[in-house]
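Notes for the one structure printed next.
The values are calculated or read from the model by the stated rules, or taken from the named source; none is laboratory data. All values reported here derive from a predicted model rather than from experimental measurement. In this analysis, Cβ positions are derived from the backbone assuming ideal geometry, glycine residues included, and neighbour counts consider all displayed protein chains. Just so you know, the surface numbers come from the protein's heavy atoms only, side chains and all, with ligands and any DNA or RNA stripped out. Shrake-Rupley method; radii C 1.70, N 1.55, O 1.52, S 1.80 Å.
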Amino acid sequence: MRAMVLDRPGTPLHEVARPLPMPGPGQVRLRVRACGVCRTDLHVVDGELAPLGRPVVPGHQIVGVVEATGEATGRLAPGQRVGVPWLGWTCGACRFCRSGRENLCAESRFTGYHLDGGFAEQAVADERFCFELPDGYPDLQAAPLLCAGLIGYRSLAMAGEARTLGLYGFGAAAHIVAQLAVYQGRRVFAFTRAGDREAQDFARSLGAEWTGESGALPPEPLEAAILFAPLGELVPLALRSVERGGTVVCAGIHMSDIPAFPYRLLWEERVVRSVANLTRKDGEEFLALAPRAKVRTEVESFPLSEANEALARLRAGRIRGAAVLAVA
């Protein structure tokens, strides 16, 4: 099979021919049809997540068809289309796993990081962490649901019942969250890079009632804000924009350092919180909700061999919606 491999952070991926991976107990092997390209992939490739000291196949928004199953499987069958997210394995025994917080398991392993991912023609995954995908989403359009959608959904839940919602960074996740928020009757305010009129037009097309640059104040105080851009300097700006008792949710797995800011921005019971990974419950809930909310994903597709170009375009902020590798 062909695979795009990262030998060490800070270097381009390169294409290699690898033997077909064999599924072990509890695992399935998938023929990959599509794989989303996510900012977390950039964090792996650029070394912003701790390097593992070995080659890795990135990619954790995998849409594939089951080709083979290992021992002790039975939920999935050959020919079935499934999706594989970032969370690829947990211990199932720690206090976090036992209390419905498997996203915080200290032993967890992540697809495209600890486990080889979907920038390849074949991938192996734990059957327990594969999701059945809703009908109505072709492979390319289904891929962003598996991280941009899932992390966005968890972030939206962390924002509570906020009726006025700011979204900082209008990329893959925000373009899905905006649709969910509008479906739920929330009012969306979108913040983009300075001068990014295309992203602002895109946000308005998906229901945002106001758009502006990230340093601007919205026309009224917000009840919550979600930060998808991995820039720590946005935290004080978002705190400045939220109402008393408001919440600022940091949705990324990596963010640059948050600069010092005056306590008055946090006072009056404002809250800053992070989102870590996802749970399988998040996946089941979101994948059931997305068709009801008529969520559509806008994608730019690239062949597997152009994974580096997709990453470069994402790094430069030149992707409208989500980038996806068309593998099969």
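So here's what we get for this one:
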{"quantity": "Breaking point among (1) in contact with a Pro (Cβ under 9 Å, 6 or more places away or on another chain); (2) surrounded by fewer than 16 Cβ atoms within 10 Å (Cβ to Cβ); (3) polar (S, T, N, Q), for residue 274", "calculated": "(1)"}
{"quantity": "Residue list for segment 277-328, restricted to those being without any contact (Cβ under 8 Å) to a residue 12 or more places away in the chain and surrounded by 18 or more Cβ atoms within 10 Å (Cβ to Cβ)", "calculated": "none"}
{"quantity": "Number of the condition not met by residue 231 [criteria: (1) open to solvent by 50 Å² or more (accessible area, probe 1.4 Å); (2) over 20 Å from the mean Cα position of the chain (by Cα)]", "calculated": "(2)"}
{"quantity": "Criterion (in contact with a Lys or Arg (Cβ under 9 Å, 6 or more places away or on another chain) and either at pLDDT 95 or above or among the acidic types (Asp, Glu) (or both)) met by exactly one of 120, 174", "calculated": "120"}
{"quantity": "Looking only at segment 234-260, and only at residues there that are surrounded by 20 or more Cβ atoms within 10 Å (Cβ to Cβ) and at pLDDT below 95, the one that is farthest from residue 193 (Cα to Cα)", "calculated": "253"}
{"quantity": "Members of segment 138-179 found to be within 22 Å of residue 233 (Cβ to Cβ), of a type in the set (Gly, Ala, Ser) and free of Cβ contacts under 8 Å to residues at least 60 places away in the same chain, listed by number", "calculated": "174"}
{"quantity": "Selection from segment 92-118 of residues that are free of Cβ contacts under 8 Å to residues at least 40 places away in the same chain and either touching a Phe, Trp or Tyr at 6+ places or on another chain (Cβ under 6 Å) or more than 23 Å from residue 51 (Cβ to Cβ) (or both)", "calculated": "92, 93, 94, 95, 96, 97, 98, 99, 105, 109"}
{"quantity": "Residue check for residue 136: under 23 Å from residue 50 (Cβ atoms) and small (Gly, Ala, Ser)", "calculated": "no"}
{"quantity": "Single match in 97, 91 (criterion: assigned to a loop (DSSP other than H, G, I, E, B), more than 15 Å from the chain's Cα centre (by Cα) and among the hydrophobic types (A, V, I, L, M, F, W, C))", "calculated": "91"}
{"quantity": "Members of segment 77-87 that are part of a loop (DSSP other than H, G, I, E, B), of a type in the set (A, V, I, L, M, F, W, C) and touching a residue at least 12 places away in the same chain (Cβ under 8 Å)", "calculated": "86"}
{"quantity": "Hey, residue 123 outside any loop (DSSP other than H, G, I, E, B), within 23 Å of residue 6 (Cβ to Cβ) and open to solvent by less than 10 Å² (accessible area, probe 1.4 Å) or not", "calculated": "yes"}
